[in-house]
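Colleague: I am attaching a structure below and will ask some questions about it afterwards.
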Amino acid sequence: MLELAVIAAIYFVLAKLGLKLALINPSASPVWPATGFALAMILLRGHHIWPAVFIAALIANAITAGSFLTSAIIASGDTVEALIGGYLITWFCRGTRAFDTPKDVAKFALICIGPPTLVSATIGVSALQAGGFIEPDQLTSVWMTWWMGDCASALLLTPVIVLWAVSGPGSYDRRALANIALLVAAASAIGFVVFTPLAGAEPGKAPMGFLVMMPLLWAGLYRGQRDTATVALVLACFAIWGAAGITPSVRFIVNDAVMLVSMFVIGAALPSLALSAEVASRRQAQEKLRESEERLKNLGNSLPESAIYQYAEESNGTLRFRHISAGIEQLLGLRVEDVLRDAGALFGRILPEYLPRLLEAKRRSASKLSDFKMEVPMRRIDGEVRWMRLRSRPHRRQDGAVIWDGVQTDITEPKQHLEQINLLLREVNHRSKNMLAIVQAIARQTAAANPNDFIERFAERIQALASSQDLLVQSEWRGVDLDLLVRSQLGPFKNLVNKRIALRGPSLLISASAAQVLGMALHELTTNAGKYGALKLEGSAAHHRGS
């Protein structure tokens, strides 16, 4: 309720100020700031504030001229004007962001001179005509005055209120306020010189009106949309003051003069507002680009064992690095500035025998605009050779130059690991073949001795071989302790150690190849001793002495 009361009070004051310039009809003024204020409030606060607009407009018109009915109709037209304008600007111009881009500024201007103000002028003039408050010969001039007064207010006052309301807290610091104060002072000085009525109508003074472009252009280029709109409003106030101060006895001349200077300022202000929106858009784009480049730079500098780069092959065939991250210093010991100054500082690090292949791959990538992928050895500044993986994607500029964006990664350690894996695979393959040969020999020997118990004896021998393999794996194939090898082959007789089986001798390390053969021999001895020898008869014993 308090919000509506405040809005209504401000609207009423602005309406009464505007009606002071109602020269050709008490209800039609070439300056109607209430329209711009109402439209700004709709955009900022929402459509629910319409009762405040209606009540204030009703009171302002009722105590000025006409009947209560005509005042109510005129107030309805003013309210509908604000609602239609707010809806269209919100729908087509993104509401309070209507001044962010030149396109939105143009759409805002078209809306302001279109449906909202046309509807208000038509409703208001029709009500006055129906009530008999307009002379027939004044109908066109009153309608034009009403419409242009509303247009001027919407185009000049609405941007100022909206832009100041949505400005961030940082825009109100001392430095920013000092800058806008200086700009407003300069605009006021120019406005006073150009439009002052104090000196009367001086011959040759009209061309000085173009001086208003100076503060508008300065604000558009350097101060942003808010300050540009503010300067335009200040100049408009001086222009209206100047026009209203000439020949006050001829009302139609003064009325036309006010409309003319208002349109003149609007004609200068709208391009400047669009210019400021374009400049602001470009600044935002440049800031986003700078932030993106900074993120890319930080990312490139943080990549482990890598450097990101961009280099170009100019139309004359010259290679030049346009960017390379600080990772190149870790990879090759090169300084970034040296690489940017001379691409040969990096390409010269490639081992000579690989350079022709790289240049050929680059040529194919440039001709087909295909991805470039290659692994090359490069020599660091300290002489160490490191393997690098180069991956990049090219694109062609309009001038014919080809640019590659890519990553250089040190793959020396992964490449060494891969070589080790390949070596291990070859070793596993070799040992697997040896193992299969041993198994094949065991199978043949077992089948030749006694085919009847082949499966049992073959399984025992394979188990004995597996026991030897377990010991070799545990020792990483460096050899097997003889004591462990003997114990692994005792099989079901392990519990007889230190009872009926005695193991004596120094600790001996048996090689991997000897361990397999000796393990099988120990298995055969143990098996025979269990079936036919000392371990078969109760009370007998077996002795092993290593030497």
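Colleague: Cβ-Cβ under 6 Å, sequence separation 6+ or interchain: first residue in the stretch 289-300 and in a helix (DSSP H, G or I), partner at pLDDT 80 or above and of a type in the set (Ser, Thr, Tyr). Which pairs?
Modeller: Pairs found: 300/325.
Colleague: Return the pairs, sorted by first residue and then second, in which the second residue is part of a loop (DSSP other than H, G, I, E, B) and surrounded by fewer than 19 Cβ atoms within 10 Å (Cβ to Cβ), the first residue lies in the stretch 463-482 and is in contact (Cβ under 8 Å) with a residue 24 or more places away in the chain, the beta carbons are less than 6 Å apart, and the residues are 6+ apart or on different chains.
Modeller: Partner pairs satisfying both residue conditions: 479/511; 482/508; 482/546.
Colleague: Within the stretch 386-395, can one find any residue that is loosely packed, with under 12 Cβ neighbours inside 10 Å and part of a strand (DSSP E or B)?
Modeller: Scanning the stretch 386-395, I find at least one residue that is loosely packed, with under 12 Cβ neighbours inside 10 Å and part of a strand (DSSP E or B), so the answer is yes.
Matching residues to (1) part of a helix (DSSP H, G or I); (2) free of Cβ contacts under 8 Å to residues at least 12 places away in the same chain; (3) surrounded by fewer than 24 Cβ atoms within 10 Å (Cβ to Cβ):
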position: 36; (1), (2), (3): yes, no, no
position: 44; (1), (2), (3): yes, no, yes
position: 50; (1), (2), (3): yes, no, yes
position: 83; (1), (2), (3): yes, no, yes
position: 86; (1), (2), (3): yes, no, no
position: 89; (1), (2), (3): yes, no, no
position: 104; (1), (2), (3): yes, no, yes
position: 110; (1), (2), (3): yes, yes, yes
position: 120; (1), (2), (3): yes, no, no
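Colleague: State which residue pairs qualify: first residue touching a residue at least 60 places away in the same chain (Cβ under 8 Å) and inside the stretch 372-397, second residue assigned to a strand (DSSP E or B) and of a type in the set (Lys, Arg) in any location, beta carbons under 9 Å apart, and separation of 6 or more residues or different chains.
Modeller: 392/373
Colleague: I need a count of the residues in the stretch 312-325 that are in a loop (DSSP other than H, G, I, E, B) and surrounded by 15 or more Cβ atoms within 10 Å (Cβ to Cβ).
Modeller: 1
Colleague: Right, another one. With the requirement that a residue be in contact (Cβ under 8 Å) with a residue 24 or more places away in the chain and among the β-branched types (Val, Ile, Thr), what does the stretch 7-34 give you?
Modeller: 7, 10, 24, 31, listed by residue number.
Matching residues to (1) within 37 Å of the chain's Cα centre (by Cα); (2) closer than 30 Å to residue 130 by Cβ:
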{"position": "62", "(1), (2)": "no, yes"}
{"position": "72", "(1), (2)": "no, yes"}
{"position": "77", "(1), (2)": "no, yes"}
{"position": "80", "(1), (2)": "no, yes"}
{"position": "85", "(1), (2)": "yes, yes"}
{"position": "101", "(1), (2)": "yes, no"}
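Colleague: Being closer than 19 Å to residue 157 by Cβ, crowded, with 22+ Cβ neighbours inside 10 Å and in contact with a strand residue (DSSP E or B) (Cβ under 9 Å, 6 or more places away or on another chain) is the requirement here; does residue 22 meet it?
Modeller: Considered against the rule, which asks whether it is closer than 19 Å to residue 157 by Cβ, crowded, with 22+ Cβ neighbours inside 10 Å and in contact with a strand residue (DSSP E or B) (Cβ under 9 Å, 6 or more places away or on another chain), residue 22 comes out as yes.
Colleague: Here is a check on your reading of the model: is residue 145 more than 24 Å from residue 273 (Cβ to Cβ) and over 37 Å from the mean Cα position of the chain (by Cα)?
Modeller: Spelling it out, residue 145 is indeed more than 24 Å from residue 273 (Cβ to Cβ) and over 37 Å from the mean Cα position of the chain (by Cα).
Colleague: Is it true that some residue in the stretch 329-348 is within 17 Å of residue 392 (Cα to Cα) and either modelled with pLDDT under 80 or in contact with a strand residue (DSSP E or B) (Cβ under 6 Å, 6 or more places away or on another chain) (or both)?
Modeller: Yes.
Colleague: Filter the stretch 157-175 for residues that are at pLDDT 85 or above and either over 49 Å from the mean Cα position of the chain (by Cα) or not small (Gly, Ala, Ser) (or both) and give the result.
Modeller: Residues satisfying the conditions are 157, 158, 159, 160, 161, 162, 163, 164, 166.
Colleague: Counting only residues that are of a type outside the set (A, V, I, L, M, F, W, C) and in contact with a His (Cβ under 8 Å, 6 or more places away or on another chain), which one in the stretch 497-524 is modelled with the lowest pLDDT?
Modeller: Checked the stretch 497-524; the qualifying residue modelled with the lowest pLDDT is 505.
Colleague: Let me ask you something else. Is it the case that the stretch 144-154 has a residue that's assigned to a helix (DSSP H, G or I) and over 17 Å from residue 34 (Cβ atoms)?
Modeller: Yes.
Colleague: If you don't mind, another one. Has the stretch 114-134 got at least one residue that is among the hydrophobic types (A, V, I, L, M, F, W, C), modelled with pLDDT of 90 or more and either in the same structural domain as residue 273 (by TED's automatic domain parsing) or under 37 Å from the mean Cα position of the chain (by Cα) (or both)?
Modeller: There is no residue in the stretch 114-134 that is among the hydrophobic types (A, V, I, L, M, F, W, C), modelled with pLDDT of 90 or more and either in the same structural domain as residue 273 (by TED's automatic domain parsing) or under 37 Å from the mean Cα position of the chain (by Cα) (or both).
Colleague: Filter the stretch 349-371 down to residues that are in a helix (DSSP H, G or I), among the hydroxyl-bearing types (Ser, Thr, Tyr) and touching a residue at least 12 places away in the same chain (Cβ under 8 Å), then give me how many there are.
Modeller: Looking only at that region, the number is 2.
Colleague: Among the candidates 440, 445, 416, single out the residue that is loosely packed, with under 11 Cβ neighbours inside 10 Å and either out of contact with any Phe, Trp or Tyr (no Cβ under 9 Å at 6 or more places or on another chain) or part of a helix (DSSP H, G or I) (or both).
Modeller: Every option except 440 fails the conditions.
Colleague: Continuing with the same structure: Can you name the condition, by its number, that residue 2 falls short on among (1) under 24 Å from residue 96 (Cβ atoms); (2) modelled with pLDDT under 80?
Modeller: Failed condition: (2).
Colleague: Can you name the condition, by its number, that residue 174 falls short on among (1) farther than 25 Å from residue 10 by Cβ; (2) of a type outside the set (A, V, I, L, M, F, W, C); (3) outside the structural domain of residue 272 (by TED's automatic domain parsing)?
Modeller: Just one mismatch for residue 174, condition (3).
The values are calculated or read from the model by the stated rules, or taken from the named source; none is laboratory data. Owing to the predicted nature of the structure, the values given are computational and were not obtained by experimental measurement. Positions of Cβ are generated from backbone atoms using ideal geometry, with glycine treated the same way; all protein chains shown enter the neighbour counts.
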